[in-house]
Amino acid sequence: MEHPKYKIALIVGAGEGLSASLARLLSAQGIRVALAARKIEKLGALCSETGAKAYACNATEPDEVERLFGLVEREIGTPDLVVYNASGRSRGPFVELVPADVAQAIAVSAYGGFLVAQQAAKRMLPNKHGAILFTGASASVKGYAQSAPFAMGKFALRGLAQSLARELSPQGIHIAHFVIDGGIRSAARTEPADKPDSMLDPDAIAQSYWSVLQQPRSAWSWELELRPWVEKF
């Protein structure tokens, strides 16, 4: 069976890590890329490198998400590949957490994913084609001490992905959730010299996303766990 062809990708919650690796990989595959973030000043160099176009958007605001999709449609085209990378955190002892901060963390990690996926699905369903990918974390499947808001948000995002996979996969839309179980390597965060490959390489993560996108629909994955070879789980 011929692999699905994607033409336009929208990455929400874009930054310098995994999103940048995805943008480079997708653009190298001939896919036009749109990047969305609350602050887009940091995306200038990546846009110049990949030909991507950046859009300012707060993913927790329904009107802004709807406007984002409208702008991308008019200026680039209708996205048939959407990646939700945004996350919100609020750390600290449980009894000291500020309710407003917790609500915001959950909104970014989960509610924003719902808003983005809903706008994406509305556009993909008529063509019975598309893919919506969600970036999870260790906290998607295990809650850590003093990190309840992150776990709540990531558990909710995973539940959203699982529900959408059951509802939308039969209609031609590939839904996938990625459990990134470990630290991601970056310029500011590298592994010790005596522990090579003990952190996730963002380029390697991006390649796994691409591999899932190439799956024939007779053998789709809805979830994939990724961790370094030395990571305990």
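What are the residues in segment 110-129 that are touching a residue at least 60 places away in the same chain (Cβ under 8 Å) and surrounded by fewer than 24 Cβ atoms within 10 Å (Cβ to Cβ), if any?
Within segment 110-129, HIS129 is the sole residue that qualifies.
For SER90, work out the one condition from (1) closer than 30 Å to GLN29 by Cβ; (2) modelled with pLDDT under 95; (3) hydroxyl-bearing (Ser, Thr, Tyr) it doesn't fulfil.
For SER90, the exception is condition (1).
Within segment 65-109, track down each residue that is assigned to a helix (DSSP H, G or I), of a type in the set (Val, Ile, Thr) and open to solvent by 30 Å² or more (accessible area, probe 1.4 Å).
VAL95, ILE106
Just to be sure before I move on: is SER48 surrounded by 17 or more Cβ atoms within 10 Å (Cβ to Cβ) and assigned to a helix (DSSP H, G or I) in the structure I sent?
Taking the combined requirement at face value, the residue does not satisfy it.
Among (1) modelled with pLDDT of 95 or more; (2) open to solvent by 50 Å² or more (accessible area, probe 1.4 Å), where does ILE132 come up short?
For ILE132, the exception is condition (2).
Any residue in segment 155-166 that is open to solvent by less than 30 Å² (accessible area, probe 1.4 Å) and more than 18 Å from ARG217 (Cα to Cα)?
Looking for residues that are open to solvent by less than 30 Å² (accessible area, probe 1.4 Å) and more than 18 Å from ARG217 (Cα to Cα), one finds at least one in segment 155-166, hence yes.
Is there a residue being in contact with a strand residue (DSSP E or B) (Cβ under 9 Å, 6 or more places away or on another chain) and touching a residue at least 60 places away in the same chain (Cβ under 8 Å) anywhere in segment 88-95?
No, that holds for no residue.
Restricting to segment 167-187, and then to whatever is of a type in the set (Gly, Ala, Ser) and over 19 Å from LEU224 (Cβ atoms), can you tell me which residue is most open to solvent (accessible area, probe 1.4 Å)?
For segment 167-187, the residue satisfying everything is ALA187.
Would you point out the residue of segment 188-203, among those that are open to solvent by 100 Å² or more (accessible area, probe 1.4 Å) and without any contact (Cβ under 8 Å) to a residue 12 or more places away in the chain, that is farthest from GLY17 (Cα to Cα)?
Ranking the candidates gives ASP194 first.
Somewhere in segment 136-145, is a residue buried (at least 23 other Cβ atoms within 10 Å of the Cβ), in contact (Cβ under 8 Å) with a residue 24 or more places away in the chain and out of contact with any helix residue (DSSP H, G or I) (no Cβ under 7 Å at 6 or more places or on another chain)?
Taking every residue of segment 136-145 in turn, none turns out to be buried (at least 23 other Cβ atoms within 10 Å of the Cβ), in contact (Cβ under 8 Å) with a residue 24 or more places away in the chain and out of contact with any helix residue (DSSP H, G or I) (no Cβ under 7 Å at 6 or more places or on another chain).
Might you let me know whether segment 56-64 holds any residue that is touching a strand residue (DSSP E or B) at 6+ places or on another chain (Cβ under 8 Å), of a type outside the set (Val, Ile, Thr) and crowded, with 17+ Cβ neighbours inside 10 Å?
yes
If you scan segment 161-174, which residues turn out to be in contact with a Phe, Trp or Tyr (Cβ under 6 Å, 6 or more places away or on another chain) and within 14 Å of THR135 (Cα to Cα)?
The one that is in contact with a Phe, Trp or Tyr (Cβ under 6 Å, 6 or more places away or on another chain) and within 14 Å of THR135 (Cα to Cα): ALA161.
The values are calculated or read from the model by the stated rules, or taken from the named source; none is laboratory data. From a predicted model like this one, the values you see are computed outputs, not experimental measurements. No Cβ is skipped: glycine too gets one built from the backbone with ideal geometry, and neighbour counts run over all protein chains shown. Accessible surface is based on the protein model in full, side chains and every heavy atom, while ligands, DNA and RNA are left aside. Shrake-Rupley method; radii C 1.70, N 1.55, O 1.52, S 1.80 Å.
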